Amino acid sequence: MTRHELREQLFRLLFRADFFPETELPAQAELYLEDEEQQEMSPSERIYVQTRYEEICSRLEEIDTEINEKTTGWVTDRMGKAELTILRLAVYEIRYDDQIPDAVAINEAVELAKTYGPEDASSFVNGVLARFVG
């Protein structure tokens, strides 16, 4: 799988975080990764997605606080779930993953927003993330 495809898998898995209690998130990850649709992932790709998922989930509160500090008139509780999940993933990559350039994290987030968010999601995501690198 390409990095973009892996990021998309991670987005789909991370999207579940707001719909289940924190104690159920590891089980949700296991169910997702065992799903027949995910069979195209190699064992190393599964480990990559699961590890990053766990790292992001362990920092959700911190990431959400940062998002809330950067947005004006918006709080994470009021954001669309797709946009929030995309922002969480991108903020994690910007703040905690030195292997991914900030511009790549932002571009990938915008692309995910175009695919999974409403019409104006990509500009919203781009505007919020610009505040993290500007």
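Listing for the model above:
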| item | result |
| --- | --- |
| Nearest-ten-degree value, helix 3-14 long axis tilted from longest Cα axis of the chain | 90 |
| Angle between the chain longest axis and helix 43-58 axis [Cα atoms, degrees, rounded to 10] | 40 |
| Residue-averaged [θ]222 nm for the chain, counting only DSSP H segments that reach four residues, each worth -39500 (n - 2.57) | -22000 deg cm²/dmol |
| Convex hull of Cα atoms in the chain, direction-averaged projection (nm²) | 7.8 |
| Paramagnetic label zone (point 7 Å from Cα along Cα-to-C-beta, ASP120; backbone N under 17 Å) in segment 66-105 | 71-76, 78-84 |
| Using a Förster distance of 25 Å, the FRET efficiency for GLN99-GLU62 (Cβ separation, nearest 0.05) | 0.80 |
| Degrees between helix 60-70 axis and first principal axis of the chain (Cα, 0 to 90, nearest 10) | 20 |
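Laboratory data are not the source of any read-out in this text; all were calculated from the coordinates shown. Values in this document were obtained by computation on a predicted structure and should not be read as measured data. Neighbour counts are summed over all protein chains in view; Cβ atoms, including those assigned to glycine, are modelled from backbone coordinates with ideal geometry.
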